[in-house]
Amino acid sequence: MAYISCEDLTLGYDGKAVTKHINFNVSKGDYLCIVGENGAGKSTLMKTILGLQKPMSGQIVHGDGIKPYEIGYLPQQTIVQKDFPASVYEIVLSGTLSKCGRRPFYTKAEKELAKENMEKMAIWDLRKKCYRNLSGGQQQRVLLARALCATTNILLLDEPVSGLDPKVTAEFYQMIYQLNKNGVTIIMVSHDIYAATKYASHILHVGKKQMFFGKTADYLESEPYRLFGHEREDEDEDEDDDE
């Protein structure tokens, strides 16, 4: 059974639909990228999968014993989050809170898990540093380590490379790709169509309605990709002209 099955979802807020007829599923080992125009409901879809927001209609079914609170989540960062006055160790360890229940302390196993994920993200030597004093790339590694403390199965990422320089962006994409190769199922919202089609096994393209869902190779032959890819190229050219 699929980890997540979305069945005829309508998403929106304040009684107004943003996108309709969303149907897709995510199975163990998949790497799904969600692409589309700004305002198409991509982040809203992520929050709905996590159970933070209800769909206006349709349903999400979690299979294989997956619970919404067991899904690792790396949200878009806000200015307030970037300035959070806590140590790297404290932030990463907080990713195990879903395992604590009402217990007011961390177990040895949870502390070991935090250490393991900090070492995996190459930030163990930063554990005593204040989060807000780190670079953007280091902060994203911290948040990724925190998300991995919540799950060994499925990871949701919402525009994880926003604001990062090209070198750090490339390193981060490679890191996510390696996690997927090691068995972590990935769902990632991305505005970077090139990275999406390079790394993802499946693509979900959303607009006012679902425009495509399927394997990346099929998406590259689709009309939504041709239209969206050209629009992204035009935007990149405009940015170059501005520089």
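The values are calculated or read from the model by the stated rules, or taken from the named source; none is laboratory data. Note that the structure is a prediction, hence the values are computed from the model and not measured. Here the Cβ positions follow ideal geometry from the backbone for every residue, glycine too, while neighbour counts run over all protein chains shown.
Taking residues in segment 192-206 that are farther than 11 Å from Tyr31 by Cα, and partners anywhere that are of a type in the set (A, V, I, L, M) and assigned to a loop (DSSP other than H, G, I, E, B), the pairs with Cβ atoms closer than 9 Å and at least 6 places apart or on different chains are Asp192/Val161; Ala195/Val161; His205/Ala40; Val206/Ala40. Against the numbered list (1) in contact with a helix residue (DSSP H, G or I) (Cβ under 6 Å, 6 or more places away or on another chain); (2) surrounded by 14 or more Cβ atoms within 10 Å (Cβ to Cβ), Asp83 comes up short only at (2). Remark: pairs (first residue in segment 47-67, farther than 17 Å from Gly12 by Cβ; second residue in a helix (DSSP H, G or I); Cβ separation under 8 Å; 6+ apart in sequence or on different chains) = His62/Pro68.
Taking each residue of segment 15-33 that is at positive phi and looking for partners that are assigned to a strand (DSSP E or B) and surrounded by 14 or more Cβ atoms within 10 Å (Cβ to Cβ) with beta-carbon atoms closer than 8 Å, six or more apart or interchain, yields His21/Leu9; His21/Thr10; His21/Gln210; Gly29/Thr185.
One line per residue, one yes/no per condition, for (1) surrounded by fewer than 14 Cβ atoms within 10 Å (Cβ to Cβ); (2) modelled with pLDDT under 95:
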position: Phe24; (1), (2): no, no
position: Gly36; (1), (2): no, yes
position: Gly39; (1), (2): yes, yes
position: Ser43; (1), (2): no, yes
position: Leu52; (1), (2): yes, yes
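Taken over segment 68-85, the criterion of being of a type outside the set (S, T, N, Q), modelled with pLDDT of 75 or more and assigned to a loop (DSSP other than H, G, I, E, B) is satisfied by Ile71, Pro75, Phe84, Pro85.
Could you please let me know if Met188 is farther than 28 Å from Gly136 by Cβ and in contact with an Asp or Glu (Cβ under 9 Å, 6 or more places away or on another chain)? Taking the combined requirement at face value, the residue does not satisfy it. Pairs meeting the criteria (first residue in segment 85-104 and farther than 18 Å from Gln139 by Cα, second residue modelled with pLDDT under 70 and not acidic (Asp, Glu), beta carbons under 8 Å, at least 6 apart or on different chains) are Ser98/Tyr69. Quick check on segment 87-121: of everything there that is surrounded by 13 or more Cβ atoms within 10 Å (Cβ to Cβ) and part of a loop (DSSP other than H, G, I, E, B), which residue is modelled with the highest pLDDT? Of everything passing the filter in segment 87-121, Met121 is modelled with the highest pLDDT.
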